[in-house]
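The values are calculated or read from the model by the stated rules, or taken from the named source; none is laboratory data. Predicted model only: the values in this text are computed from it and were never measured. Don't worry about glycine lacking a Cβ; one is built from the backbone with ideal geometry, like all the others, and counts go over all protein chains shown. Note: accessible area is taken over every heavy atom of the protein model, side chains too, but ligands, DNA and RNA are not part of it. Shrake-Rupley method; radii C 1.70, N 1.55, O 1.52, S 1.80 Å.
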Amino acid sequence: MIKIVNISKRFKKFSLEDINLNIEDNEYFVILGPTGVGKTVILEIIAGLIKPDFGDVFIGEKRITHLPPEERNVGMVYQDYMLFPHLNVEENIVFGLKSRRIKKDEIRSLLNNIVELFRIEHLLTRKTKNLSGGEKQRVALARALITSPQILLLDEPLSALDPQTKEKFIEDLKNLHKQLKTTTIHVTHDFNEAFSLADKIAIMKDGKIIQDGDSKDVFNKPNSDFVARFTGVRNIFRGEIIKDDSGTYVSVNGLKISVASEKMGNVNISVRPEDILLSTNPFDSSARNVFPGVIKRIDEQLSVVHITVDIGIPLVVYITRQSLKELNLVENKKIFVTFKASAVHVY
C-alpha cells in the first residue's frame, strides 16, 4: 500500500494542500483534474524528485519521505517521455539497469523479455527522434518497467497521442496492468481515459483532493457541481425536495423529478446524459420520470449525438447516430424522455 499523509507543498503561485491518499497494492489509481492543480507534483513527491513541506509518504510500513529517488523502487513516465535523444531505443531501455551495474547476461535477458512484452523488437537500433508518439510511449514504459519497480507513475501518458493510437494504448495499458499487476498511479485531465482505466479515482481542484473513491461511485455520485461537470455530467439543477403520498421528488422550476433520496430541503441533482432514454411515445416501464419535451438542438459528435430537449428545463441526452436515424429526430420535434429515479444523483 502507498499512503500519502497530510502532504503539503507551497510554491510561489500555487500550493498543494493536505493531500491524503491510500492506494492498495496492484491497484490502478488515477488522479484526475484540470491542468495546473498539482497532479504531477504528487507524482514527483512520491518519486522523491520534490520534497514536501509537510506530511509523509509510506510504501507499506516504510516511511520513504526523505529517501533519495534511487532507493524508492519507483518508475516514472512523463508526458513528453524524456527519452535520451543521443541513445537508440535499446540503450534507452537498459539505461537504468546499467546504472545499477547489473551483469550483461541479466541485462540481455531482461531486455528480451520487456521488448517482447511491448512488441518493439524491430525498434531497438533506431534513434528515438525517428519514433512515432505511440512508439515513444512504448519505449518509455519499457524503460520504466524493465527495472521491476514496485510503483509505476504515469504523468499524462496519453496526452500526445492521436485518438486512434490513444484508444489502442488504453487497451494495452489495461492488459499490461492485468499481466504485471504493478501498482500504478496515473494522472490525467481526461475523464474518459480515467474511467476506462481506473480502479479508483481522486479528483483535484486548486491543489486539493475534493473527491476520491471507486471510479464508478465518483462518476455516478459526484459530491459537487465541479466534479459533476468535470466527469461529463451535462444535467445539473438546483431544486427542493418534496415528499408526499406518491413518493419523493425534487421540484426544479415547477417540474417534479422523482428521486431516491433521504435528503431534505434545497439540494443539487445531476443526471448523466447516457442514463436518459428518448422515444416518440411514452415507454411502458418502471421508470418514474417520463416527460414530454421538444428537441431544441442536435449536436453530432464523433461517437455520439448530443440532443438538447426542453422539458421545462433543458435536458441533454446522448444517443447513437443509429438511434438518431431510427427515431427520425429533428429540431422542434416532440419527444419523450425517460429516466429512473435511481439515475438522479442528489447532493
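Quick one: which of 46, 23, 42 is within 20 Å of residue 150 (Cβ to Cβ), in contact with a Phe, Trp or Tyr (Cβ under 9 Å, 6 or more places away or on another chain) and open to solvent by less than 30 Å² (accessible area, probe 1.4 Å)?
23
Within the stretch 263-293, track down each residue that is more than 11 Å from residue 336 (Cβ to Cβ) and either in contact (Cβ under 8 Å) with a residue 60 or more places away in the chain or in a strand (DSSP E or B) (or both).
If the condition is that a residue be more than 11 Å from residue 336 (Cβ to Cβ) and either in contact (Cβ under 8 Å) with a residue 60 or more places away in the chain or in a strand (DSSP E or B) (or both), then 263, 266, 267, 268, 269, 270, 271, 272, 275 are the ones that fit.
Specify the residue that is modelled with the lowest pLDDT; the eligible residues are those in the stretch 36-53 that are farther than 11 Å from residue 208 by Cα and assigned to a loop (DSSP other than H, G, I, E, B).
For the stretch 36-53, the residue satisfying everything is 36.
Pull up the stretch 163-210, narrow it to residues that are in a strand (DSSP E or B) and open to solvent by 50 Å² or more (accessible area, probe 1.4 Å), then point me to the one that is farthest from residue 25 (Cα to Cα).
205
When the residues of the stretch 228-262 are filtered to those that are part of a loop (DSSP other than H, G, I, E, B) and aliphatic (A, V, I, L, M), which remaining residue is surrounded by the fewest Cβ atoms within 10 Å (Cβ to Cβ)? Before the answer, list the steps.
Just the residues of the stretch 228-262 that are part of a loop (DSSP other than H, G, I, E, B), to begin with: 231-234, 245-246, 253-254, 259-262.
Among the residues that remain, those that are also aliphatic (A, V, I, L, M) are: 233, 259-260.
Working: 233: 22, 259: 26, 260: 14.
Applying the filter and picking the extreme gives 260.
Being open to solvent by less than 50 Å² (accessible area, probe 1.4 Å) and of a type outside the set (S, T, N, Q) is the filter here; which residues of the stretch 212-224 pass it?
Matches in the stretch 212-224: 213, 218, 219, 222.
Can you tell me which residue is nearest to the chain's Cα centre (by Cα) among those in the stretch 96-115 that are modelled with pLDDT under 90 and closer than 13 Å to residue 145 by Cα?
Per the criteria, the residue is 96.
Considering each residue of the stretch 1-35, count those that are in contact (Cβ under 8 Å) with a residue 40 or more places away in the chain and assigned to a strand (DSSP E or B), and give that number.
Total satisfying the criteria: 22.
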